[in-house]
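Here's the structure we're looking at; comments come further down.
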Amino acid sequence: MRIGMLMLHAGTPRDQEARAELAAVLPGAEVGEPDDTGVFEIAIDADDEEQALRRIWDAVAESGADDHIVFLEHPELPEHWRQFSGRPGGDSPS
């Protein structure tokens, strides 16, 4: 399964570090090189897309990369992960 990701700050050194930290918590996954816009893919073994998204979501949180790396929107899953996003102060979006 291949999942598209985006580095938020045009590949700054901190974004590159966050990408490496993300790769470190995804053993067995192939974390691709970003293009000039910061887009890259993660190839991961998963039973389905939902499982792949969940594993990568957990890895982004574990690595602390959430301020630097996000999922690209998937046409078949618009805003799929918005339900898991929190607001400052711990409030969940409604």
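Here's how it looks for residue 8: its modeled amide H is under 5 Å from those of 69, 70, which are all 5 or more places away or on a different chain. Only protein heavy atoms count here; under a 1.4 Å probe, residue 62 has an accessible surface of about 130 Å². Determine which residues of region 12-46 fall in the zone a paramagnetic label at residue 72 would reach in this model, i.e. backbone nitrogen under 14 Å from the point 7 Å along Cα→Cβ. Under cut-off, by backbone N: 32-43. The string of couplings for region 29-40 from the Karplus curve (6.51, -1.76, 1.60, θ = phi - 60°) is 8, 9, 9, x, 7, x, 7, 5, 9, x, 7, 8 Hz, one whole number per residue in order, with x for Gly and Pro.
Out of every Cα-Cα pair that region 1-45 contains, those further apart than 12 angstrom amount to 57 percent.
The values are calculated or read from the model by the stated rules, or taken from the named source; none is laboratory data. Given the structure is predicted, the values throughout are model-derived calculations rather than measurements. Virtual Cβ from ideal backbone geometry, glycine too; neighbours counted across all protein chains shown. What goes into the accessible areas is simple: the full protein's heavy atoms, side chains included, and nothing from ligands, DNA or RNA. Shrake-Rupley method; radii C 1.70, N 1.55, O 1.52, S 1.80 Å.
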